[in-house]
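Each remark here refers to the structure printed beneath this line.
The values are calculated or read from the model by the stated rules, or taken from the named source; none is laboratory data. Computed from a predicted model, the values in this text were never measured in an experiment. Calculation scope for accessible area: heavy atoms of the full protein, side chains included, ligands and nucleic acids excluded. Shrake-Rupley method; radii C 1.70, N 1.55, O 1.52, S 1.80 Å.
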Amino acid sequence: MATVIVTMKIMPSSPEEDLELIKSAAARLIAEFGGTVGKVDVEPVAFGIKALVFMFAMSESLGDTEEAEKKIAAISGVNSVQVTDVRRAIG
């Protein structure tokens, strides 16, 4: 099976949420799921809210990311989780 690169956007509940706590909890859950986090960006959205955008690699054999999304959405301070891109890695 191939390796896929997943881009996941995590929206906090409010601008006051601690993004570092959300980032570390989400990274831990992605690793438990079987993914390897490569990059995390902070993306301004609106009204002071900033989203976390994770890019991580995982084996295609793991299937979809629904289980990981549900666990990340349950993190305190997270409003929503959305996979915005999935593509096969080349090489």
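Values as computed for the structure displayed
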read-out: Percent accessible area from carbon and sulfur atoms, the chain, protein chains only, probe 1.4 Å; value: 52 percent
read-out: Net lengthening on full extension, Met1/Asp85 (0.36 nm per residue, minus Cα-Cα); value: 28.4 nm
read-out: Where the chain is the region considered: accessible area per residue in Å², 1.4 Å probe; value: 60 Å²
read-out: Whole-angstrom gap from region 1-66 to region 69-86, using each part's C-alpha centre; value: 8 Å
read-out: Reachable aspartates and glutamates, given that their alpha-carbon falls under 17 Å from the alpha-carbon of Lys50 and they are not under 8 places away in the same chain; value: Glu16, Glu17, Asp18, Glu20, Asp41
